[in-house]
Structure formats: C-alpha cells, structure tokens
Amino acid sequence: MAMKIPFFQHKQLKESFADPEENIPAHIAIIMDGNGRWAGERGMPRAAGHKEGLSALVKIVKAAAECKVKVLTLYAFSTENWKRPTAEIEFILKLPQTFLNIYLPDLIRNNVRVTAIGDVESLPAYTQKALQQAIDRTKHNDGLQLTIALNYGSRGEILHAVKEILADLDAANMSLEELNEQSFSKYLYTAGTTAPDLLIRTGGEKRLSNFLLWQLAYTEFWFTDVLWPDFSEKEFMEAVGEYQQRKRRYGGI
Ligand code: IPE
Ligand code: IPE
Ligand code: MG
C-alpha cells in the first residue's frame, strides 16, 4: 500500500497549482544541478551538497508520486562528469548505496518502481550492485516509475542506437524500410517510455548538458536558479502549475 502524503492540503502549494486533477505531466525529467555551489556557499565540501541533493531527490520523488506523475527521470551522473576529481566521482557513484540503505524502504511504501538509463555496465561494481538491488526490490511496484540517468549521455545513447540498428540490419533482423522515428526510439535507453512532457533544470544554467536530446524534441522547459538541494515541493508544484498553463502545439496552430 502506498503511504499517503497530505500533499494538496498545503494551501500555498495548492495556490501555485492550476488543477491538481487535470493535465498533470505524465513524464517529468529533471537536471538536478547546483549541489556543488550549494555546498560552496556554506563553506562545505562539494560532497555535502551531493548528500543534501539526495534528500531533495527523495522529497521530489514522493511529491511526483503523490501528484500521479507516471515517470520521473532524474539526471544523476553524466558521461561528461568523469572529468571531475576522482574523490567527487566516487562519492557520487556511492550515493546509490546510501539511497538503497536509507531511503528505499520509504520509496517501496510509496509504490515507486526504480529503473535506470545510461551506460550502466561501465559503472563501478558497487554502483551497479546497489542499482540492481533497487531495481529488483521495486520491480513489482506499479506506481511512479523512477528512472535514474547514471553515466548517461544523449549523444552516446544515439550512437549506441545507431550501432545496434546497423547490426540488426546486417543480421537481417530489420529492414531499412522499417526504420522510422518510432522504431528508432526502441533502440534508445528510454525504449517503452513516452517522451518527457516537462523538463526542469535547477541551478540557473540554461542548457541540456547532453540530456535526452532526441526525447526532449517537444518537451516544455522550466528553469530555476534554485540550487538542487534547496529544491522543494513548492518549486516542483510551481513548475507543474506553469506547465498546466502552456499550450502545446507540436507545430500545429
Ligand atoms: C549536480 O550538481 C550533480 C551532478 C552533476 C552530479 P553539480 O555537482 O554540478 O553542482 P554545481 O553545478 O557544481 O553547483
Ligand atoms: C548536468 O550537470 C549533469 C547532471 C546534473 C548529472 P553538470 O553540472 O554536469 O552540467 P554542466 O557541466 O554545467 O553543463
Ligand atoms: Mg553543475
């Protein structure tokens, strides 16, 4: 049974929300940025920001589940983040273990199902193990799909898809005539999941940083200067509220 959070009972949250029942984005993707700066502002090591970022993550997962969002995709580690100092990389890649030990039972109560996208096989064994346990322990849940993008890069994902398609063409598992936008999508890590309706980026930067380039073609974007560890239900509801006012035309009139 999913634990009930009295979410819409917050008057302030309710006001920023256009309609709690209608037009909820089915898929929200978030670029969780600003952990390092959050720590820096407090004279703390960057790792402290990542740790605090994990608490924000859990808060937002619960909020999304409560709002009946179907898929939440969170950018946790990019293929470009390997450029960082080894100690910081290790700290980030150990967070899935912390997540598993401290927060997973709570997420199971919230009926969350964990999945992952990215080049997961190139991650350290301890990261893969924690991730796999989270996936296994939540695979029967049918609530929110929580997809963690770990060692994810969109250009790499597209190239990987192209290589698999070429191999399938070569092995005559597929013909060139069958290749279209729909069949191409099935070769991406996100196969089987609809494209994000809303993209949120925290931390003030206005760029995609190699996140879901194909999938975000018609997504609504929402940016905030709030640093990820400070991102709360309030900002989340604001973003959803603004999404609800947007007119999506997909090239039509
Ligand atoms: C986002 O926060 C987390 C990851 C990229 C892993 P940052 O670590 O990029 O924080 P800033 O942007 O340096 O503040
Ligand atoms: C994007 O943040 C990646 C994640 C949030 C995991 P970065 O901090 O790596 O992005 P850039 O370097 O500012 O573009
Ligand atoms: Mg950053």
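What the table below lists for this structure:
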{"read-out": "For region 208-253, convex hull of alpha carbons as volume per residue, Å³", "value": "95"}
{"read-out": "Descending semi-axes in Å of region 178-225, equivalent ellipsoid built from Cα gyration tensor", "value": "25, 10, 8"}
{"read-out": "The chain: calculated mean residue ellipticity at 222 nm from DSSP helix runs of at least 4, using -39500 (n - 2.57)", "value": "-12500 deg cm²/dmol"}
{"read-out": "Which listed pairs, of LYS129/LYS234; LYS59/LYS206; LYS51/LYS163; LYS83/LYS234; LYS59/LYS139, have C-alpha distances above 29 Å, in listed order", "value": "LYS129/LYS234; LYS51/LYS163; LYS83/LYS234"}
{"read-out": "Accessible-area composition of the chain, carbon plus sulfur, in percent [1.4 Å probe]", "value": "52"}
{"read-out": "Residue-span extension gain [GLU121 to THR98] - 0.36 nm each, minus C-alpha spacing", "value": "6.3 nm"}
{"read-out": "Amide H contacts under 5 Å for VAL112, placed H, 5+ residues apart", "value": "none"}
{"read-out": "Selection from TYR218, LEU93, TYR189, by position along the positive dipole direction of the chain (Cβ)", "value": "LEU93"}
{"read-out": "1.4 Å probe accessible area per residue over the chain, in Å²", "value": "52"}
{"read-out": "About the Cα centre, charge dipole magnitude for the chain (Lys/Arg +1, Asp/Glu -1 at Cβ), debye", "value": "620"}
{"read-out": "Positive minus negative residues near LEU104 (Lys, Arg vs Asp, Glu; Cβ under 14 Å)", "value": "+4"}
{"read-out": "Ellipsoid equivalent to region 121-208 - semi-axes via the Cα gyration tensor, in Å", "value": "27, 19, 15"}
{"read-out": "Pair-distance profile P(r), taking every C-alpha pair of the chain, with 10 angstrom steps and integer %", "value": "7, 29, 36, 21, 6, 1"}
{"read-out": "Mean Cβ neighbour count within 10 Å, used as a protection proxy, ranking 201-209, 68-76 highest first", "value": "68-76, 201-209"}
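The values are calculated or read from the model by the stated rules, or taken from the named source; none is laboratory data. Only a predicted model underlies this, so the values are computations on that prediction, with no experimental measurement involved. So basically every Cβ, Gly included, is an ideal-geometry build from the backbone, and we count neighbours across all protein chains shown. Surface accessibility is based on the protein's heavy atoms, side chains included, excluding ligands, DNA and RNA. Shrake-Rupley method; radii C 1.70, N 1.55, O 1.52, S 1.80 Å.
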